[in-house]
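Below is one structure; the comments refer to it alone.
The values are calculated or read from the model by the stated rules, or taken from the named source; none is laboratory data. Everything numeric here is computed off the predicted structure, so don't read it as measured data. Note: ideal-geometry Cβ built from the backbone for every residue, glycine included; neighbour counts use all protein chains shown. The accessibility values were calculated without ligands, DNA or RNA, using every heavy atom of the protein model including side chains. Shrake-Rupley method; radii C 1.70, N 1.55, O 1.52, S 1.80 Å.
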Amino acid sequence: MSKFVSIRAAKSIALTVVAAAALSGCVSFGSKAPASLLTLSADASVATGASKSGLAKDALVVLTPEVPRKLDTNRVPVQIDTGNIAYLKDSVWTDKPAILVQQLLAETVAAKNGTLILNEVETAGKAERYLSGQLVEFGVDEASMEAVAIFDAVHIRKGGSIEKRRFEAREAMGEIKPRPAGEALNSAANKVASDVAAWLAAL
């Protein structure tokens, strides 16, 4: 009887080891999660239950901004001096800055201007207005202790004029750490988004 029990125990242990080995191929136990996950939240947002209707051609499509290589990452760049960039320790964005800024712009413009915002798939290629541009800067400047957001907005109207304008916002920081950096960048991004909304409303 004791021999039967020991064999069963050995089989159970072997199965456990195999299962653990298989799991380790899917889940990393060694990597450490970042201390802080940063995101952007809109100061002006569309109310729950609010609706907006219109023709696809009249909708505004907010495209993902282009970015320089230093911003094509989930990390927060810190400008050390004119020729050197580092990245903020122990923090990453929940998505790439271009995606987060695109979402913030769309939400802010929809909330402030009452504009029908759709993506390219939803308009089936019938949209006549686009908001494009480049996210030139979106990080921390060590020398001035500021969060900096610079966006070159481009408003495109099919068969019509193209308008381009630079928007910039800076927010002071007491220290260069994840929480104050995240708060300052969120504030700067919202200032830029609000200014873009006002600009679009006046076009």
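Listing for the model above:
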{"item": "Förster radius 25 Å - calculated FRET efficiency between Asp81 and Ala202 (Cβ-Cβ, nearest 0.05)", "result": "0.10"}
{"item": "Around Asn74: net Lys/Arg minus Asp/Glu count, Cβ-Cβ under 15 Å", "result": "+2"}
{"item": "Spatial extent of segment 94-203: Rg and Dmax, with the Cα atoms as the point set, Å", "result": "15.1, 48"}
{"item": "HN-Hα J in Hz across segment 136-148 - Karplus 6.51, -1.76, 1.60, θ = phi - 60°, x for Gly and Pro", "result": "6, 9, 7, x, 10, 9, 5, 4, 8, 6, 9, 8, 10"}
{"item": "For segment 29-155, alpha-carbon Rg over 2.2 N^0.38 Å", "result": "1.24"}
{"item": "Solvent-accessible area per residue, Å², over segment 132-203 with all protein chains present [probe radius 1.4 Å]", "result": "47 Å²"}
{"item": "³J(HN,Hα) computed for each position of segment 38-47 - Karplus, 6.51 cos²θ - 1.76 cosθ + 1.60, integer Hz, glycine/proline x", "result": "9, 8, 10, 10, 6, 5, 10, 10, 6, 5"}
{"item": "With all protein chains modelled, accessible area of Lys158 [1.4 Å, Å²]", "result": "110 Å²"}
{"item": "Leu55 paired with Arg69, simple spin-label distance in nm, labels 7 Å along Cα-to-beta-carbon", "result": "4.6 nm"}
{"item": "Computed E for Lys177/Glu122 - FRET, C-beta separation, R0 45 angstrom, nearest 0.05", "result": "0.65"}
{"item": "Gain in span if fully extended, Asp90 to Ser45, counting 0.36 nm per residue against the direct Cα distance", "result": "13.3 nm"}
{"item": "Built amide H within the under 5 Å cut-off of Gly133, gap 5+", "result": "Glu66, Val154"}
{"item": "Residues Ile99 and Ser144, FRET efficiency given R0 of 22 Å [Cβ-Cβ distance, rounded to 0.05]", "result": "0.25"}
{"item": "Residue-count net charge about Ala169 - beta-carbon cut-off 9 Å; Lys, Arg +1, Asp, Glu -1", "result": "-1"}
{"item": "Other-chain or far-sequence residues with amide H under 5 Å of Leu38's (modelled H)", "result": "Val92, Trp93, Thr94"}
